[in-house]
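Student: Have a look at this one before I ask anything.
Quick note: the coordinates plus some simple rules give every number you see, no bench work behind them. None of the values given here were measured: they were computed from a predicted structure. Ideal geometry is used to build each Cβ from the backbone, glycine not excepted, and the neighbour counts take in all protein chains shown.
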2 protein chains.
Amino acid sequence: AEEAAVRAQAETVRRLKQDKADPDEIAKEVSKLLEMKAQLGTDEGKQKFVLKTPKGTRDFGPKEMAIRERAFKAIISCFKRHGAEVIDTPVFELKETLTGKYGEDSKLIYDLKDQGGELLSLRYDLTVPFARYLAMNKITNMKRYHVAKVYRRDNPAMTRGRYREFYQCDFDIAGQFDPMIPDAECLKIVHEILSDLQLGDFVIKVNDRRILDGMFAVCGVPDSKFRTICSSVDKLDKVPWEEVRSEMVGEKGLSPEAADRIGDYVQLHGGLELIERLLQDAQLSQNKLAKEGLGDMKLLFEYLTLFGITGKISFDLSLARGLDYYTGVIFEAVLLQQESERLEEPVSVGSVAGGGRYDGLVGMFDPKGRKGPCVGVSIGIERIFSILEQRLEASEEKIRTTETQVLVASAQKKLLEERLKLISELWDAGIKAEILYKKNPKLLNQLQYCEETGIPLVAIVGEQELKDGVVKLRIVATREEVNVRRESLVEEIRIRTSRC
Amino acid sequence: AEEAAVRAQAETVRRLKQDKADPDEIAKEVSKLLEMKAQLGTDEGKQKFVLKTPKGTRDFGPKEMAIRERAFKAIISCFKRHGAEVIDTPVFELKETLTGKYGEDSKLIYDLKDQGGELLSLRYDLTVPFARYLAMNKITNMKRYHVAKVYRRDNPAMTRGRYREFYQCDFDIAGQFDPMIPDAECLKIVHEILSDLQLGDFVIKVNDRRILDGMFAVCGVPDSKFRTICSSVDKLDKVPWEEVRSEMVGEKGLSPEAADRIGDYVQLHGGLELIERLLQDAQLSQNKLAKEGLGDMKLLFEYLTLFGITGKISFDLSLARGLDYYTGVIFEAVLLQQESERLEEPVSVGSVAGGGRYDGLVGMFDPKGRKGPCVGVSIGIERIFSILEQRLEASEEKIRTTETQVLVASAQKKLLEERLKLISELWDAGIKAEILYKKNPKLLNQLQYCEETGIPLVAIVGEQELKDGVVKLRIVATREEVNVRRESLVEEIRIRTSRC
């Protein structure tokens, strides 16, 4: 009976392939087939594996890791410069922890299979786990960073750095403080990181959920439609106003007049002078929320002026941000132009950082609903990787993927034991050293290995050197060779590689 | 109708709670209820969240992270010392990638819910993803490390460092080389790391799958029972021989004679002299596999002698290792004793590292089944964290969780703007600096913040200092205060914190 089931499943797979069905669908059925076969104890399916990483994910090889480490280093050292602690949370959360936090994006959450026990989901961002952490540990004040992978079942566009598994680098400040001081620091951080990474010109768009809500109110949007109209506005960075307008009116049932009034506002962007103008706006100035938001926006710009970064900041009424949990300031950093002369292919431009204030999220986890004001920023590192990778490729710079200082080699045969003894001494002294895993490797092969991997030194043991108590040290770049007394070898290697 | 469903579900939850059902079960039904309510648009369930991380997982707060970073640093610097590159792979793999690799442990794999598209599972270890990576990229030679979280639906025992989400730190060498040279390096690495972390005395048990299989053959175990009897032997580190024997005979249908012959072998452990003796053993010496394994074991011990580490190595015929994919040398490091005089509570002793040779795994992914010999080691870091955490608690050492060098403070009111200007200068110069997010913080509160968080310096701005073009620098530990010219402040802070 089981074999019949396997045959039926094999037939299903055959038909799907013949019909050129959706590859995901085929992969799924093949997987079922393999599992059935595995249970039957046959292994004929073994060679039919689809050899790939899951859709929307990728491996990082040593070169990509080197680039990743560089970007992380710049970001994390900025977070530390601003006095942040670091935390980590599990990759999955109770499903209910994520429920009701992401609005229309909730459909993109990965759930785990119900294998008995709790219902779990992969984290969608690092903000909700942070809020859960604060509430669970009853922490009110904390400045922390968190660098980790998050998961979204989105349509991947990997060449533009959009993945289903991707890193976020988050910095958040929790606590009840005087207005806009931590908010301004978050923007300073984005400015420092994007400047440091030298990704080209950028602008940081800023808005406030209270200004948006006030604007919706004075434009005649019914309260119940605020969030969904906000989602429509959020699309303005990707699609033109006409399309957004027709979504508002057609799909979401907003009156054409209300939509047009929104249309007038969302084209506005500027600096302090725009804030001043809107504070005088006949409608907006009458709305309590908008007035609060505009007042804080003014204060924010004063602080940003002290930080000397207003040149890259744009108060932009079209900025909405998709996530449900924001309550105050929101912001998003966008790269403006690539240094396209240095690149072979132009890289698409897009958002590389975003964040805002979410004063209600911690309260959603608190048993007594106590407020836990927070503001934070998330650096979208994958897009930054893509740019750094393409730039590196264009530059033809060669990056080393190991830190090995010396290869322990021999020119003659039968010296494996001597090589092992020497390398063991070097390892124990903290020297980064390798050998080739051959009994009798050719000297040429050993030297070639150094050239390929960038190892700067070769320590050569030979019969004569052993008698003399020395090791021949070869400098790969210059081909120079010097005899070094064995007891001085560690020190000599340290001196000669001190720049590494 | 939907409301009726919610009421029915609420009733289910109520009954489960009344019956004091399994908390996992309750959590699951509560979660369903919340989701149903969320869909209905009610939010009365909001405050009933179970505020916890999923079973078998934990958060790492700043203190735990500091300990984690220390352990990682020791381990990763060892891997780099041995010339390893680094890679990273996705947290989930196609389900079929993991199928048939883990024997009886497969039931512990976490599957993702089928939400359309590919069937996915969370990685169970880093070895199978590495083999998949090698095969997919047609890489035959590589020495890499990988530090990442893996997932097992095991019964957690968190106080003993057994989690469902835990880090593995893996080092592997892929490639066809002369026998036992890379294998010996893996053992050297375990020795270096455990010595470096100062976890107390340890022993590294070594065996070989070929010796085990040869032993099973000469003891009269039928071929078809090799793997399952191997699984039984694997339990010998936790349960006594009598129990293992009765599992072999009772559950697995092995003859009592065969079991007893195995019993004689598995109590053997020693060094070179035991290897020599078994090479003369009337039965084993006649078995091709065992002979091969013993020959290689002898070679391994010769190399380990050159590395000077045989004192901590024990050739142990009871060592089996659970995973299916091993084909040659296997090993496991066990902590022998805690320095219990320094600890308040004794920590349970157990395996902290393991590994072995798996020459067939890459071939399972290769379309042509080409062999891809590999050997590697995995450091089980959670147990090490547990020990380091408890040790730190006992020592009362205070660890800093930030690296902040200076707090920018003021003694008078209305100096927020001046504080913001100064801190911005410091950040731009790369100084790690903080301010309190208050308009007019009290000096005492600012000094207390430094005491609590270990910030060594305070830069105090005041009206007089501003006029004089100086900043008052206070050294927290000594309470000493010096006036520093503003243009020298960065340099002065650097000098005074150069030990940090």
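Student: Under the rule of -39500 (n - 2.57) per DSSP H run of 4 or more residues, summed and divided by the residues of chain A, what mean residue ellipticity at 222 nm is obtained, to the nearest 500 deg cm²/dmol?
Tutor: The helix contribution divided over chain A gives -12500 deg cm²/dmol.
Student: Ignore the peptide's own chain and count Cβ atoms of other chains within 10 Å of each Cβ in A:170-182; give me the average, rounded. Write out the running numbers ahead of the final one.
Tutor: On the way: counts 0, 0, 0, 1, 0, 1, 1, 4, 7, 2, 1, 8, 1.
Taking the mean over all residues of the peptide, I get 2.
Student: Something else: Report the FRET efficiency, 1/(1 + (r/R0)^6), for B:Met158 and B:Leu268, where r is their Cβ-Cβ distance and R0 is 35 Å, rounded to 0.05.
Tutor: Once the sixth-power term is evaluated, E becomes 0.50.
Student: Need the list of aspartates and glutamates near B:Lys413 for cross-linking: C-alpha distance under 16 angstrom, and skip anything on the same chain fewer than eight residues off.
Tutor: Partners within reach: A:Asp178, B:Glu463, B:Glu465.
Student: Between B:Ile139 and A:Ala429, what's the calculated FRET efficiency when r is the beta-carbon distance and R0 is 45 Å? Round to 0.05. Walk me through the numbers before you get to the answer.
Tutor: On the way: r = 31 Å, r/R0 = 0.69.
Once the sixth-power term is evaluated, E becomes 0.90.
Student: Sticking with this structure for a sec: Which whole number gives the average, over all residues in A:136-148, of C-beta atoms from other chains lying within 10 Å of the residue C-beta?
Tutor: Shielding by partners across A:136-148 averages 2.
Student: If you average the C-alpha positions of region B:406-480 and of region A:247-323 separately, how far apart do those two centres end up, in angstrom?
Tutor: When both Cα centres are located, 34 Å separates them.
Student: Within 10 Å of each Cβ in B:75-86, how many Cβ atoms from other chains are there, averaged over the peptide?
Tutor: 6
Student: Compare the peptides B:427-433, A:238-244, B:265-271 by average per-residue count of other Cβ atoms within 10 angstrom and give them in order, highest first.
Tutor: B:427-433, B:265-271, A:238-244
Student: Related question: What FRET efficiency comes out for B:Glu11 versus B:Glu393 if R0 is 51 angstrom and r is the Cβ-Cβ distance? Round to the nearest 0.05.
Tutor: Step by step, r from the Cβ atoms, then E = 0.65.
Student: Any lysines with Cα under 23 Å of the B:Lys291 Cα? List them, leaving off those in the same chain fewer than 8 positions away.
Tutor: Within the straight-line limit of under 23 Å, B:Lys291 reaches these lysines: A:Lys438, A:Lys439, B:Lys205, B:Lys225, B:Lys371.
Student: Separate question: Report the relative contact order of chain B, percent, no decimals, based on alpha-carbon pairs under 8 angstrom and at least 6 residues apart. The partial results should precede the final answer.
Tutor: Details: 783 pairs, mean separation 69.4, N = 500.
Once divided by the residue count of chain B, the mean separation gives 14 percent.
Student: Additional query: In nanometres, what is the gap between the two model label sites at A:Arg494 and B:Glu302, each 7 Å from Cα along Cα-to-Cβ?
Tutor: So the label points at A:Arg494 and B:Glu302 sit 3.5 nm apart.
Student: Let me ask something additional. List the lysines whose Cα lies under 18 Å from the Cα of A:Lys107, skipping any in the same chain that are fewer than 8 positions away.
Tutor: A:Lys55, A:Lys95, A:Lys235, B:Lys32, B:Lys37, B:Lys113
Student: Moving to a separate point now. Which distances, shortest first and in nm, link B:Asp196 to the matching position in the other copies, using label points set 7 Å out along Cα to C-beta?
Tutor: Result, one decimal in nm: 2.6.
Student: If you take the square roots of the eigenvalues of the alpha-carbon gyration tensor of region A:1-110 and sort them as a ≥ b ≥ c, do you get rounded (a/c under 1.5), prolate (a/b over b/c) or oblate?
Tutor: Values: a/c = 2.88, a/b = 2.06, b/c = 1.40.
Prolate is the answer for region A:1-110, as a/c is 1.5 or above and a/b outweighs b/c.
Student: Now for a separate question. Any idea which of A:Gln390, A:Val233, A:Gln39 is furthest toward the positive side of the dipole for chain A, if Lys and Arg beta-carbons carry +1 and Asp and Glu beta-carbons -1?
Tutor: Value: A:Gln39.
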